[in-house]
Structure formats: structure tokens, C-alpha cells
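No lab work stands behind these numbers, since they all come straight from the coordinates. These numbers come from a predicted model, not from an experiment. Cβ placement follows ideal geometry from the backbone for every residue including glycine, while neighbour counts extend to all protein chains displayed.
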Amino acid sequence: MALNKYSGIYTKDDSLPASQAMLIGSGVKEEDLRKPFVGICSTGFEGNTCNMHLNGLADAVKIGVQANGMVGLRFNTIGVSDGITNGNAGMRYSLVSRELIADSIEAMAGAHYYDAVATVVGCDKNMPGALIAMARLNRPSVMIYGGTIKGGEYKGQKLNIVSCFEAYGKKLNGTISDEDYRGIIRNACPGPGACGGMYTANTMAAAIETLGMSLPFSSSATAVSPEKNQEALDTGAYILNLLEKDIKPRDILTREAFENALVMITVLGGSTNAVLHLIAIAHAAGVHLTMEDFQDVSNRVPVLADLKPSGKYLMEDLSALGGVPAVQKTLLEAGLLNGDLLTVTGKTLAENLENVKPLGAEQDLLRPLSNPIKSDGHIQILYGNLASKGAVAKISGKEGLRFEGPAIVFNSEEELNDGIAAGKIQPGQVVVIRYVGPKGGPGMPEMLKPTSAIMGAGLGDKVALITDGRFSGGTHGFVIGHVSPEAYDGGTIALVEDGDWIVLDASTNTIDVQLDEAELTARRSVWQRPKANVQSGVLLKYIRTVSDASHGCITDLQDEAYVNARETSPS
Ligand code: FES
């Protein structure tokens, strides 16, 4: 089979001279026109540690692609950083950026007939965006993760990005000096790399490596390590192998592969954002994955890794112990992972791990199955009159399994921040943050600033939070997000009033407000949808197209028939 199946459309004969002229004019040698074309997309940009080094890695990918007899053509797409947008209106663009990334990579590779795709990505939404595009295009593809950041340090205290938010909470509380507050900010991010705990970026990187769509060690090698640059250089050889064997993303992104990924994020105590992202990637791959699948895995798989945000270690610490492959090997030997599944190496997961050592008693980052941190998964899917389509809780076990109390309601993140600063939050309350869902936000912003401020104010284990928005992967405490239907769509969360009694129970997986149906109906009859927060542009398009959180907040929701049919490439 010709390896230039797509690019051959315009290079195979003389019938498309303009295409060939433009390629030659842009530096492709005439004798290379019939080689496979590999689109190399980076989300590199300045001004953010997660993405600042990605264009350099994309250059290395190109070197490896060219060295393997193919033509590498770099292009960029956007990459919104949650670390920078958090706590202000910019955050509304974050989840939206996942769709923009997916759409732009699909459009670029589809329009220019690239035979294969490599994506170099480094932040929360970059990775799922890239995977969605690869699954839609279904051409041989590899994702290269930009890598995790090294930890910072200030006055002997190890730092990561969440340290800044917690310091802000202390500042509000008057328990940190200005000098130490600035000292923490100055030292939290010592160079390139994505946020270092088991927050969303590292969660998705580990999930994607376990799905089989990145090379072994991709998710745990630090951004500044020689291994990371070598991974980028090596990618070309693997892409050539995928082309020769005609291995495409949907051959790798099977239902069983998603089950493996769910096991990995559970064992690692990963971010709840993975629920949205993996459902969205699965939809693009034609795999039917639901919130119930996360609950099924949570019911049978424990949390083993002592990683931040609720634990003590960073991804760089796991890297030093053997990285994600060492965790995979441990889980494979325990029968928790399916090792027979194909990966981008062209080999199975078990074959990739042949020479990898499992983690043993010499370390305390990954507990043995006989002594887990939590005997079931931390991601719990709750249903009830507050969330008929589901809500996502992250229960580490430290905060208990049940919380009930009177509601205190805020209609925006800003309102909540003002409420915290004014000392309105009292121990025992259930803090409700609504109209911050996929449509209401819009863009389902993360509540990192308020949750960190609540932590810093010493209320972290004394209140619960529920929202139709999201929580950052850096959040811990009794928090429930993704409440669906969202307030903007008239979900019950829109009807809650201050003082209503709310019961959250992670042992029965329920989320209810203690109001009878007659009262809810009466309130619903007078409820009015608020005016949309935006009147134009990409956010308005998003409001018009985005699915609810239970379907992954995707903008091209198809019916079940499509998902089951596993259709092939759109072009
Ligand atoms: Fe990029 Fe956290 S802001 S990974």
C-alpha cells in the first residue's frame, strides 16, 4: 500500500500543478513530493510554562520524520493555559479551546491531505483536543506530551502551581506575609513543563499513554529531560512504522483501551476533568463511553498513588521511580490492565512493558493493592434530583463520604469570590456555584480560585461545594462538579435557594436537595433562563453547539448509531 495515500492525491501526477508549485515554493524538494507527508502540530506559544518549549520539540519531531524518509510540515494551533486563565473571565475560553484545537488540527490535516499526524501538546485541553482530532482524522498518529514541570522551592517548602492558590487563601486569611506570598509566586514555576501534580495535564498524559496513543514514558518524562527530546526525535520512526502497517488511531482507541485508561486515572487519583475528556475522545473514536463506565471502574479499582493534589508526590517523583510504565507493569501483573491492546509502537502494551520493572516495596509513592489509599475509586458519579443526568465527585476518602447542610447559593464565580472575601461562608454549608456550566459559563470554567481560597481560609474540610462548572485537577475537598442538567438549561440546581437542605452521599452516589416535587414544580414555573453572558463570537457559537457535561461537552454530538458504526475518516 502506498504510504502517501492522502498527499498522493495532489502529488501523484501532473493534474494538480498549483498544489505542487506551492509545496516546492515552500521548500519541499521536487524529488520528495511522493514521500508521505506528516503534519506536525504544536500548541507552542510564549508566556506559559506548559507550552513555551513545544515548538522546539516539534522541530525535533520534524528532524526524526525527515530522517525516516518522510516530509515533515509543522503548523501551530492555539493552547489556552488554565494556569493563567484561572479565576477570571478568560477561563471561559479554556474548555472551548479543546474544540478549537480539535477542529483546527482536523481542518489543517484534512485540508492539506497529510498522511500522518504528530501533535506536540502540553496543557490540560491541548491533549484531549489533539486526540479528538486524531480520532476524527483516523490517520496514523502519535501524540508527544510536552512533559511535566519540575517542582519549585521556597524557604525549604516544595512548590507547585497550586501552592500559589493556597498562598492566596492564606493572604486572604492574613496568615502569610507579603514577602512570602511573592516568594512563593516567584518560585512556583522554575521552567518549562505542565503543572506537576496529578492535575488534569498529567492525568490526561497518563491516560493517553495507557490508551496507547503516545510512546512509553511520554507522560512521566519531565519537560526538560533528555528523554523528552529523544522521544520527539524517535517519533518519526514510529510514524513510519504506523504508516507501513496501516495502524490508525481507531485501531488503538478501542473500548478496552478506554477501560485501561480509566483504570490508570483511578489508580493515580487523577483529575475529574478526565471524565469529560475521555468521553469526548471516545465519541470521536466511535466508542460508546459513559459516566457509568467511570463508576464501574471506580467500583472495582482502588486509588494507589500518593500524588498531589490530595497526596504528597509530584509526577517528577514518579518519573524518578520508573514513570507511568512502571505503574502500568504493576497493574498488568495485578490483572488490572489488558496487555493485549495495540499501541503507537506497533506493539501491544504488554510487549512495550517487557523490560520494565514493576514498583515494589522500595518506594511509597504507589501503594500495594493490599494497602490502598482508598479501596475504591475517587471519581464517583452521583445522581439525584439535583443532577438527573449525573454529577462528578472527587472523593479521596479524607473528606468523608457524606455531607449535608444548608445551601448558600452564588450565581457566578465572581459572586462566590466576593462572598469568601466578605466572610459569608460558614462551616457546615453546602456552597452552590451555578450558571457556570458549559452554556451558562459559558465554557464550564474551573473553580480553582474559590476552592483554593476556601482551603486557605481553613474551611476546606468544613464545607462542601457543588457546581455545574468544573473543578481543577488541583482541587481537593468535598467537591462535586459537572452537575447536569446545568442551571442555564433549567436544571434543578437553578431552583435552589439559600437555606435549602442539601444531602450529598458518595456511598449511595446521590445528590439531592430536600424539596418535594410540588415545591420544585412551583419554583420551576417562575424560573427564567438568564440572558446569555455573551452575544457574539466563539463563546456564542459554543453555547449554541455544546452538549451537556454527561456527553463530554462536545460540539458535534452524534446519535448512538454513529457512535456504534465507528465510521472512518471524514475525508
Ligand atoms: Fe498548563 Fe496546568 S496550566 S498544565
What are the DSSP H helices in the chain that stretch 24 Å or more along their long axis, judged by alpha-carbon atoms, and whose average Kyte-Doolittle hydropathy comes to at least -1.0? 92-111, 226-245
Pull up the cross-link candidates among the aspartates and glutamates for LYS531, meaning alpha carbon to alpha carbon under 18 Å and not fewer than 8 places away within one chain. GLU413, GLU414, GLU415, ASP468, GLU486, ASP489
In whole angstrom, how long is each semi-axis of the equivalent ellipsoid of the range 23-117, when you take the square root of 5 times every eigenvalue of its Cα gyration tensor and sort them from largest down? 30, 15, 9
Rh by Kirkwood over Cα pairs, then Stokes-Einstein D for the chain at 1.567 mPa s and 4 °C, µm²/s: 54
At what distance in angstrom do the alpha carbon centres of the range 167-221 and the range 492-512 lie from each other? 31
Considering the Cα trace of the range 180-314, what is its radius of gyration and what is Dmax, both in angstroms? 16.7, 56
Test of understanding: ordering LYS394, LYS155, LYS347, LYS248 by Cβ neighbours within 10 Å, fewest first, what list do you get? LYS155, LYS347, LYS248, LYS394
What's the longest bit of the chain with no exposed GluC sites (Glu not before Pro), using DSSP loop states and at most 10 other Cβ atoms within 10 Å as the test? 47-353
Among the lysines, which have Cα under 22 Å from the Cα of LYS150 when same-chain residues fewer than 8 positions away are ignored? LYS125, LYS158, LYS228, LYS308, LYS312
Note to self, the chain gives a 222 nm [θ] from helices alone (DSSP H runs n ≥ 4, -39500 (n - 2.57) apiece, / all residues, nearest 500) of -11500 deg cm²/dmol
Run a plain Debye calculation on the range 301-399 (Cα atoms as equal point scatterers, no solvent) and give log10 I(q)/I(0) at q = 0.19 Å⁻¹, rounded to two decimals, same order as the q list. -0.99
LYS541: which aspartates and glutamates have alpha carbons under 14 Å from its alpha carbon, excluding same-chain residues fewer than 8 sequence positions away? GLU99, ASP103, ASP556
If I measure Cβ to Cβ between cysteines in the chain, which ones have no partner under 4.7 Å? CYS41, CYS164, CYS189, CYS195, CYS553
Phi to ³J(HN,Hα) by Karplus 6.51 cos²θ - 1.76 cosθ + 1.60 over the range 499-516, Hz, x for Gly, Pro: x, 4, 8, 10, 10, 10, 9, 7, 7, 9, 6, 10, 9, 9, 9, 7, 10, 7
The answer for ILE466, listing residues at least 5 apart or on another chain whose modeled amide H is closer than 5 Å to its amide H, is VAL431, VAL432, ILE433, ILE480
Quick one: which residues, 5 or more positions from ARG74 or on another chain, have an amide H under 5 Å from its amide H? H modelled 1.01 Å from N in the peptide plane, none for Pro or chain starts. ILE40
What is the distance, in nm, between label points placed 7 Å from the Cα along the Cα-to-Cβ direction at GLN514 and at ASP13? 7.8
